[in-house]
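The values are calculated or read from the model by the stated rules, or taken from the named source; none is laboratory data. If you're wondering where the values come from, they're calculated on a predicted model, not measured in any experiment. Methodologically, a virtual Cβ is constructed for each residue, glycine included, from the backbone with ideal geometry; neighbour enumeration extends over all protein chains shown.
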Amino acid sequence: MIARDEERDLPRCLASLECDELIVVDTGSSDRTVAIARDAGARVIEIEWPHDFAAARNASLDAATGDWILMLDADEELPAETRSQLRAEVAQADSLGLAGVSLVVRNLSPPGDVTIYQDQPLVRLFRRAPHIRYEGRIHEQVSPSIVRAGGALGASDLWIVHHGYARTTAQGSSRAQRNLALLAEAVREAPDDAYLHYQLGATQKAVGDPAAAASLERALSKRGALSPSAEADARMKLAQLAAARGDDKTALAEARRCLAIDPHNAIALQLQIVTAIGLSQLAEAAAACRSLLACANVADATRADAEQLLHALTAR
């Protein structure tokens with residue numbers, strides 16, 4: 001893992017691990033992060049922050065000696081189910097000749113959100129090899145280097161709990177503002193990268209930048225350039241932006257496009273309900289209520305609202 005000023009979250013992460021080797025690359029902590037990691041038996045590599053997340057991650061890969069890498073963040077933890085099955089997952093991936101495996105990252109939502117969590121598959125478990133490296137100044141990815149070399153990827157239902165999105169700050173400053181500067185630089189370096197434009201749009205939306213919609217639309221303009229999960233999220237965010245400016249027709253269209261890819265996207269379903277009602281598409285709104293109530297990750301308040309709306313819609 002890489003870390004900086006993570007004394008709040010790091011002990012929880014370290015307590016959840018059972019591993020043969022623990023590498024922590026510290027990028028300039030001023031708190032007890034380094035001491036906490038060393039006390040847990042980690043090998044700590046201290047570097048100056050390179051303003052490049054991939055470079056910092058790759059420094060941790062350079063220091064590793066194991067056959068397989070599990071990449072975590074300090075604000076994450078392995079639940080007991082994952083911890084107990086991880087070695088079996090590695091053995092199976094080894095036997096199948098896989099180069100990497102995606103795990104489900106369960107992003108816990110902040111209080112008051114539509115959902116209590118959102119799941120995202122990410123390649124976090126992969127072979128240690130010289131050609132397998134992270135790419136991207138921010139929102140770095142390891143899978144492109146694996147695919148480019150002809151490596152096979154697999155998927156696992158093991159999961160990682162991510163606590164960081166349940167709050168709005170990272171290392172004491174706005175996460176979105178921190179990311180925005182790095183993303184702007186990354187887009188200048190790779191202006192045709194659809195994934196970077198998607199992440200830029202998502203971050204612009206988080207800080208209220210009116211350029212968000214244009215960035216998201218540019219990301220979607222290259223058909224097939226985004227992964228299905230990224231495309232669905234971009235569509236959902238465009239639906240939110242359209243709804244916020246009172247354009248129910250566009251919002252409903254984008255929510256439908258999102259749901260065609262991800263039928264269980266709770267936020268898109270909620271948008272479909274609200275905008276369909278606004279456009280007098282009551283049967284569609286009722287169907288969306290039923291779909292929303294079937295989602296496992298819906299917050300209690302959202303569920304109660306959907307039940308009340310469904311009752312009102314079907315009582316007509």
Which of (1) of a type in the set (Ser, Thr, Tyr); (2) surrounded by 16 or more Cβ atoms within 10 Å (Cβ to Cβ); (3) not in a helix (DSSP H, G or I) is the odd one out, the single condition SER280 does not satisfy? (2)
Answer from GLY151, GLY112 - the residue that is crowded, with 17+ Cβ neighbours inside 10 Å and part of a loop (DSSP other than H, G, I, E, B): GLY151
If you go through the range 155-166 one residue at a time, do you hit one that is under 30 Å from GLY100 (Cα atoms) and in contact with a His (Cβ under 9 Å, 6 or more places away or on another chain)? no
Name the single residue that is surrounded by the most Cβ atoms within 10 Å (Cβ to Cβ) among those in the range 242-259 being assigned to a loop (DSSP other than H, G, I, E, B) and on the phi < 0 side of the Ramachandran plot. ASP247
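In the set ALA294, ALA266, which member is surrounded by fewer than 16 Cβ atoms within 10 Å (Cβ to Cβ) and small (Gly, Ala, Ser)?
Details: ALA266 fails: surrounded by fewer than 16 Cβ atoms within 10 Å (Cβ to Cβ).
Step by step, each of ALA294, ALA266 is checked, and only ALA294 is surrounded by fewer than 16 Cβ atoms within 10 Å (Cβ to Cβ) and small (Gly, Ala, Ser).
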I'd like to check something: does the range 15-37 contain any residue that is out of contact with any strand residue (DSSP E or B) (no Cβ under 7 Å at 6 or more places or on another chain), in contact (Cβ under 8 Å) with a residue 60 or more places away in the chain, surrounded by 19 or more Cβ atoms within 10 Å (Cβ to Cβ) and not in a strand (DSSP E or B)? no
Log entry, pairs with first residue in the range 40-56 being assigned to a loop (DSSP other than H, G, I, E, B), second being exposed (fewer than 13 other Cβ atoms within 10 Å of the Cβ) and of a type in the set (A, V, I, L, M, F, W, C), beta carbons closer than 9 Å, six or more apart or on different chains, reads ALA40/ALA15; HIS51/ALA181
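More than 24 Å from ASP73 (Cβ to Cβ) and small (Gly, Ala, Ser): which single residue out of ALA244, ALA234, ALA186, ALA202 fits that description?
Numbers: ALA234 fails: more than 24 Å from ASP73 (Cβ to Cβ); ALA186 fails: more than 24 Å from ASP73 (Cβ to Cβ); ALA202 fails: more than 24 Å from ASP73 (Cβ to Cβ).
Exactly one residue qualifies, and that residue is ALA244.
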One residue from SER60, SER84, SER95, SER102 being more than 24 Å from ILE146 (Cβ to Cβ), in the same structural domain as ALA129 (by TED's automatic domain parsing), modelled with pLDDT of 95 or more and of a type in the set (Gly, Ala, Ser): SER84
Evaluate the following for TYR195: is it assigned to a helix (DSSP H, G or I), modelled with pLDDT under 90 and under 24 Å from HIS264 (Cβ atoms)? no
Among GLY208, GLY164, GLY201, which is over 30 Å from LEU86 (Cβ atoms) and at pLDDT below 95? GLY208
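Examine the range 260-275 for a residue that is farther than 27 Å from GLN120 by Cβ and not in a helix (DSSP H, G or I), and state whether such a residue exists. Give the derivation first.
Taking the range 260-275 and keeping what is farther than 27 Å from GLN120 by Cβ, we get none.
No, the conditions are met nowhere in the range 260-275.
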When (1) more than 20 Å from ALA202 (Cβ to Cβ); (2) without any contact (Cβ under 8 Å) to a residue 24 or more places away in the chain are applied to LEU310, the one that fails is (2)
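One line per residue, one yes/no per condition, for (1) part of a helix (DSSP H, G or I); (2) touching a residue at least 12 places away in the same chain (Cβ under 8 Å):
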{"residue": "THR82", "(1), (2)": "yes, yes"}
{"residue": "GLN85", "(1), (2)": "yes, yes"}
{"residue": "ALA88", "(1), (2)": "yes, no"}
{"residue": "ALA93", "(1), (2)": "yes, yes"}
{"residue": "GLN118", "(1), (2)": "no, yes"}
{"residue": "LEU122", "(1), (2)": "no, yes"}
{"residue": "ARG133", "(1), (2)": "no, yes"}
{"residue": "ILE146", "(1), (2)": "yes, yes"}
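So, in the range 214-241, exactly how many residues are of a type in the set (Asp, Glu) and surrounded by fewer than 19 Cβ atoms within 10 Å (Cβ to Cβ)? Full working, then the answer.
From the range 214-241, those of a type in the set (Asp, Glu) are 217, 231, 233; that's our starting set.
Checking the rest, the ones that are also surrounded by fewer than 19 Cβ atoms within 10 Å (Cβ to Cβ) come to 217.
Of the residues in the range 214-241, 1 are of a type in the set (Asp, Glu) and surrounded by fewer than 19 Cβ atoms within 10 Å (Cβ to Cβ).
Counting just the residues of the range 3-14 that are assigned to a helix (DSSP H, G or I) and in contact (Cβ under 8 Å) with a residue 40 or more places away in the chain, which one comes out surrounded by the fewest Cβ atoms within 10 Å (Cβ to Cβ)?
In the first step, residues of the range 3-14 are kept if they are assigned to a helix (DSSP H, G or I); the result is 10-14.
Adding the requirement that they be in contact (Cβ under 8 Å) with a residue 40 or more places away in the chain leaves 10, 12-13.
Values: LEU10: 25, ARG12: 14, CYS13: 25.
Looking at the filtered set, the residue picked out is ARG12.
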